[in-house]
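Here is the structure we will look at, set down as C-alpha coordinates.
The values are calculated or read from the model by the stated rules, or taken from the named source; none is laboratory data. Everything numeric in this text was worked out from a predicted model, so none of it was measured. Note: ideal-geometry Cβ built from the backbone for every residue, glycine included; neighbour counts use all protein chains shown.
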Amino acid sequence: MRAEALAIFKRYRTGPVFTPPSIAGEGPGDLKGTIELPGSIGGADWTGAAFDPETGMLYVPSMTNPFVANLVPGDPKETNLRYRASTRELIQGPRGLPLVKPPYGRITALDLNRGELKWTIANGDGPRFHPELKALNLPPLGQSVRAAPLVTKTLLFVTEGDQINVRTPPNGGGRKIRAYDKATGQVLWETALEAGSTGTLMTYLHRGKQYLVVAIGGVQHPAEFVAFSLPSFDSRSGRP
(Lines give C-alpha, C1' and ligand atoms only; values in the text may rest on other atoms or scores of the structure.)
Protein backbone atom coordinates (compact mmCIF):
# COMPACT_ATOMS: atom_id res chain seq x y z
CA MET A 1 0.00 0.00 0.00
CA ARG A 2 2.92 2.35 0.62
CA ALA A 3 4.07 1.85 -2.96
CA GLU A 4 0.54 2.59 -4.18
CA ALA A 5 0.40 5.75 -2.06
CA LEU A 6 3.74 6.94 -3.41
CA ALA A 7 2.53 6.39 -6.97
CA ILE A 8 -0.44 8.68 -6.25
CA PHE A 9 1.82 11.19 -4.49
CA LYS A 10 4.15 11.50 -7.49
CA ARG A 11 1.30 12.74 -9.70
CA TYR A 12 1.25 16.03 -7.77
CA ARG A 13 3.63 18.86 -6.90
CA THR A 14 4.83 19.02 -3.29
CA GLY A 15 7.23 21.20 -1.34
CA PRO A 16 7.84 23.15 1.88
CA VAL A 17 5.44 25.57 3.58
CA PHE A 18 4.00 28.23 1.22
CA THR A 19 4.46 26.12 -1.92
CA PRO A 20 1.90 27.79 -4.23
CA PRO A 21 -0.85 26.18 -6.31
CA SER A 22 0.34 24.88 -9.67
CA ILE A 23 -1.11 24.42 -13.15
CA ALA A 24 -2.94 21.16 -13.68
CA GLY A 25 -1.62 19.53 -16.84
CA GLU A 26 -3.88 17.71 -19.26
CA GLY A 27 -1.42 15.07 -20.44
CA PRO A 28 -1.13 11.60 -18.86
CA GLY A 29 2.31 12.41 -17.46
CA ASP A 30 1.54 15.97 -16.32
CA LEU A 31 1.28 16.94 -12.67
CA LYS A 32 -2.29 17.52 -11.48
CA GLY A 33 -1.64 20.35 -9.03
CA THR A 34 -0.08 20.97 -5.61
CA ILE A 35 -0.86 18.94 -2.50
CA GLU A 36 -1.50 21.22 0.48
CA LEU A 37 -1.43 19.73 3.96
CA PRO A 38 -3.34 20.29 6.11
CA GLY A 39 -4.85 22.89 3.75
CA SER A 40 -7.75 25.24 4.44
CA ILE A 41 -10.02 22.26 5.05
CA GLY A 42 -7.65 20.60 7.48
CA GLY A 43 -5.90 21.84 10.59
CA ALA A 44 -7.94 23.67 13.22
CA ASP A 45 -10.83 25.32 11.47
CA TRP A 46 -14.53 26.13 11.56
CA THR A 47 -15.67 24.67 14.86
CA GLY A 48 -13.13 26.60 16.93
CA ALA A 49 -11.66 25.64 20.28
CA ALA A 50 -12.72 25.45 23.93
CA PHE A 51 -11.02 27.49 26.68
CA ASP A 52 -11.12 26.72 30.40
CA PRO A 53 -10.71 30.03 32.31
CA GLU A 54 -10.12 28.25 35.62
CA THR A 55 -7.13 26.20 34.46
CA GLY A 56 -5.89 28.24 31.50
CA MET A 57 -6.20 25.19 29.21
CA LEU A 58 -7.16 25.50 25.54
CA TYR A 59 -8.58 22.44 23.77
CA VAL A 60 -8.21 22.48 19.98
CA PRO A 61 -9.74 19.89 17.62
CA SER A 62 -7.89 19.53 14.31
CA MET A 63 -7.75 17.17 11.37
CA THR A 64 -5.39 15.99 8.67
CA ASN A 65 -7.24 16.48 5.40
CA PRO A 66 -5.03 17.28 2.37
CA PHE A 67 -6.41 18.78 -0.81
CA VAL A 68 -5.09 19.67 -4.26
CA ALA A 69 -4.63 23.36 -5.06
CA ASN A 70 -4.37 23.82 -8.80
CA LEU A 71 -4.93 26.29 -11.64
CA VAL A 72 -6.87 25.59 -14.83
CA PRO A 73 -7.23 27.66 -18.03
CA GLY A 74 -9.74 30.48 -17.78
CA ASP A 75 -12.80 30.43 -20.03
CA PRO A 76 -12.61 33.54 -22.30
CA LYS A 77 -16.40 33.80 -22.12
CA GLU A 78 -16.23 34.28 -18.36
CA THR A 79 -12.87 35.86 -17.53
CA ASN A 80 -9.86 37.64 -19.01
CA LEU A 81 -7.56 35.70 -16.70
CA ARG A 82 -5.30 33.18 -18.38
CA TYR A 83 -5.73 30.78 -15.44
CA ARG A 84 -8.23 30.50 -12.63
CA ALA A 85 -8.43 28.50 -9.44
CA SER A 86 -10.19 25.18 -9.75
CA THR A 87 -12.29 23.49 -7.13
CA ARG A 88 -10.19 22.06 -4.33
CA GLU A 89 -10.00 18.31 -4.92
CA LEU A 90 -9.87 16.13 -1.84
CA ILE A 91 -7.06 13.67 -2.44
CA GLN A 92 -7.38 10.07 -1.29
CA GLY A 93 -4.88 7.26 -0.92
CA PRO A 94 -4.94 3.63 -2.04
CA ARG A 95 -7.86 1.24 -1.49
CA GLY A 96 -10.13 3.87 0.00
CA LEU A 97 -7.68 4.82 2.74
CA PRO A 98 -6.15 8.25 3.42
CA LEU A 99 -2.94 9.18 1.60
CA VAL A 100 -0.98 10.17 4.72
CA LYS A 101 -0.37 8.76 8.20
CA PRO A 102 -2.73 9.13 11.18
CA PRO A 103 -4.04 10.60 13.36
CA TYR A 104 -6.65 11.99 10.97
CA GLY A 105 -8.54 13.81 13.72
CA ARG A 106 -7.15 14.83 17.07
CA ILE A 107 -7.63 16.97 20.17
CA THR A 108 -4.70 18.98 21.49
CA ALA A 109 -4.63 20.38 25.01
CA LEU A 110 -2.48 23.51 25.42
CA ASP A 111 -1.48 25.00 28.78
CA LEU A 112 -1.62 28.75 28.07
CA ASN A 113 -0.19 29.61 31.50
CA ARG A 114 3.04 27.75 30.77
CA GLY A 115 3.03 27.84 26.97
CA GLU A 116 3.23 24.07 26.80
CA LEU A 117 1.49 21.25 24.97
CA LYS A 118 -0.18 19.13 27.66
CA TRP A 119 -1.48 16.19 25.64
CA THR A 120 -2.71 15.12 22.21
CA ILE A 121 -5.12 12.26 21.48
CA ALA A 122 -6.88 10.82 18.43
CA ASN A 123 -10.57 11.74 18.32
CA GLY A 124 -12.50 8.73 17.03
CA ASP A 125 -11.71 5.38 15.45
CA GLY A 126 -10.97 6.54 11.92
CA PRO A 127 -10.33 3.72 9.41
CA ARG A 128 -8.95 1.27 12.00
CA PHE A 129 -11.66 -1.28 11.03
CA HIS A 130 -11.05 -0.96 7.28
CA PRO A 131 -10.59 -4.45 5.73
CA GLU A 132 -6.92 -3.69 4.99
CA LEU A 133 -6.23 -2.61 8.60
CA LYS A 134 -8.63 -4.55 10.81
CA ALA A 135 -6.26 -7.47 11.49
CA LEU A 136 -3.58 -5.09 12.79
CA ASN A 137 -5.63 -4.23 15.92
CA LEU A 138 -4.65 -0.58 15.71
CA PRO A 139 -5.60 1.99 18.37
CA PRO A 140 -7.99 4.85 17.46
CA LEU A 141 -6.74 6.67 14.34
CA GLY A 142 -9.00 9.72 14.60
CA GLN A 143 -11.94 10.76 12.44
CA SER A 144 -11.15 13.39 9.79
CA VAL A 145 -14.14 15.54 10.72
CA ARG A 146 -15.11 19.00 11.90
CA ALA A 147 -15.20 18.14 15.61
CA ALA A 148 -16.91 20.58 17.97
CA PRO A 149 -15.55 21.01 21.55
CA LEU A 150 -17.20 22.22 24.74
CA VAL A 151 -15.42 22.41 28.08
CA THR A 152 -17.32 22.46 31.38
CA LYS A 153 -16.22 22.68 34.98
CA THR A 154 -15.53 18.95 35.08
CA LEU A 155 -15.43 17.52 31.54
CA LEU A 156 -14.43 18.12 27.92
CA PHE A 157 -17.13 17.15 25.40
CA VAL A 158 -16.20 16.67 21.72
CA THR A 159 -18.38 15.56 18.80
CA GLU A 160 -17.71 13.91 15.47
CA GLY A 161 -19.01 15.88 12.47
CA ASP A 162 -21.39 14.36 9.95
CA GLN A 163 -20.31 13.46 6.43
CA ILE A 164 -22.67 16.17 5.15
CA ASN A 165 -20.36 18.92 6.45
CA VAL A 166 -18.60 20.75 3.63
CA ARG A 167 -15.42 19.10 2.28
CA THR A 168 -15.45 16.19 4.68
CA PRO A 169 -13.33 13.48 3.00
CA PRO A 170 -14.95 10.18 1.97
CA ASN A 171 -15.70 8.02 5.03
CA GLY A 172 -14.51 10.87 7.26
CA GLY A 173 -17.78 11.56 9.04
CA GLY A 174 -18.69 10.17 12.44
CA ARG A 175 -21.75 9.94 14.70
CA LYS A 176 -20.26 9.82 18.20
CA ILE A 177 -20.00 12.30 21.03
CA ARG A 178 -17.55 11.77 23.88
CA ALA A 179 -16.76 13.09 27.33
CA TYR A 180 -13.03 13.33 28.05
CA ASP A 181 -11.05 13.79 31.23
CA LYS A 182 -9.80 17.38 30.91
CA ALA A 183 -6.48 16.59 32.56
CA THR A 184 -5.50 13.46 30.65
CA GLY A 185 -7.67 13.11 27.54
CA GLN A 186 -9.03 9.75 28.69
CA VAL A 187 -12.45 8.85 27.30
CA LEU A 188 -14.93 8.66 30.20
CA TRP A 189 -18.16 8.27 28.21
CA GLU A 190 -19.29 8.02 24.61
CA THR A 191 -22.47 7.40 22.68
CA ALA A 192 -23.48 7.18 19.02
CA LEU A 193 -26.06 9.62 17.67
CA GLU A 194 -28.40 8.98 14.73
CA ALA A 195 -26.24 11.36 12.66
CA GLY A 196 -23.07 13.35 13.18
CA SER A 197 -22.96 16.90 14.51
CA THR A 198 -23.46 19.91 12.24
CA GLY A 199 -22.81 22.62 14.82
CA THR A 200 -21.01 23.43 18.05
CA LEU A 201 -22.19 22.06 21.39
CA MET A 202 -23.95 24.19 23.99
CA THR A 203 -24.86 23.64 27.64
CA TYR A 204 -27.17 25.31 30.14
CA LEU A 205 -28.47 24.82 33.70
CA HIS A 206 -32.22 24.71 34.41
CA ARG A 207 -33.66 24.09 37.88
CA GLY A 208 -30.54 22.39 39.10
CA LYS A 209 -30.15 20.08 36.10
CA GLN A 210 -27.52 20.59 33.42
CA TYR A 211 -28.32 19.95 29.76
CA LEU A 212 -26.01 19.34 26.82
CA VAL A 213 -27.40 20.14 23.35
CA VAL A 214 -25.99 19.34 19.91
CA ALA A 215 -27.29 19.93 16.38
CA ILE A 216 -27.15 16.86 14.14
CA GLY A 217 -28.18 16.02 10.59
CA GLY A 218 -27.15 14.21 7.46
CA VAL A 219 -28.12 13.07 3.99
CA GLN A 220 -30.23 10.26 5.45
CA HIS A 221 -31.32 12.11 8.62
CA PRO A 222 -33.24 15.38 9.01
CA ALA A 223 -31.73 18.24 10.97
CA GLU A 224 -32.60 18.29 14.66
CA PHE A 225 -31.34 19.17 18.13
CA VAL A 226 -30.49 16.40 20.57
CA ALA A 227 -30.37 17.16 24.30
CA PHE A 228 -28.73 15.11 27.04
CA SER A 229 -29.45 15.73 30.70
CA LEU A 230 -26.92 15.33 33.47
CA PRO A 231 -27.87 14.39 37.06
CA SER A 232 -29.48 17.15 39.12
CA PHE A 233 -27.10 19.08 41.36
CA ASP A 234 -27.84 20.34 44.88
CA SER A 235 -26.02 23.64 45.25
CA ARG A 236 -26.43 23.55 49.06
CA SER A 237 -24.78 20.18 49.61
CA GLY A 238 -22.54 20.18 46.56
CA ARG A 239 -23.78 16.70 45.67
CA PRO A 240 -25.86 15.25 42.82
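Quick notes
- Flag for R11 being of a type in the set (D, E, K, R), outside the structural domain of G173 (by TED's automatic domain parsing), out of contact with any strand residue (DSSP E or B) (no Cβ under 6 Å at 6 or more places or on another chain) and under 21 Å from L141 (Cβ atoms): no
- Summed over the range 48-61, the residues that are surrounded by 21 or more Cβ atoms within 10 Å (Cβ to Cβ) and closer than 26 Å to K101 by Cβ give a count of 2.
- When residues of the range 75-93 are limited to those that are in contact with a Gly (Cβ under 7 Å, 6 or more places away or on another chain) and basic (K, R), the one surrounded by the most Cβ atoms within 10 Å (Cβ to Cβ): R84
- Picking from residues in the range 193-223 that are in contact with a strand residue (DSSP E or B) (Cβ under 6 Å, 6 or more places away or on another chain), assigned to a loop (DSSP other than H, G, I, E, B) and in contact (Cβ under 8 Å) with a residue 40 or more places away in the chain, the one that is surrounded by the fewest Cβ atoms within 10 Å (Cβ to Cβ) is G199.
- Taken over the range 30-62, the criterion of being under 19 Å from Q92 (Cα atoms) and at pLDDT below 90 is satisfied by L37, P38, G39, S40, I41, G42, G43.
- Taking the listed residues T168, T184, the one that is part of a loop (DSSP other than H, G, I, E, B), within 18 Å of I107 (Cβ to Cβ), in the same structural domain as Q143 (by TED's automatic domain parsing) and under 15 Å from the mean Cα position of the chain (by Cα) is T168, with no other qualifying.
- Taking the criterion of being at positive phi and touching a Ser or Thr at 6+ places or on another chain (Cβ under 6 Å), the only residue of the range 191-216 that qualifies is G208.
- Test: residue in the range 85-92 that is of a type in the set (D, E, K, R) and at pLDDT below 95: yes
- Residue match in the range 176-192 (condition: out of contact with any Pro (no Cβ under 6 Å at 6 or more places or on another chain), in contact (Cβ under 8 Å) with a residue 60 or more places away in the chain, farther than 28 Å from H130 by Cβ and buried (at least 17 other Cβ atoms within 10 Å of the Cβ)): yes
- Lone qualifier among G33, G42, G15, G27 - being surrounded by fewer than 19 Cβ atoms within 10 Å (Cβ to Cβ) and within 24 Å of the chain's Cα centre (by Cα): G15
- The range 85-108, residues that are more than 28 Å from G185 (Cβ to Cβ) and either of a type in the set (D, E, K, R) or over 17 Å from the mean Cα position of the chain (by Cα) (or both): A85, S86, T87, R88, E89, P94, R95, G96
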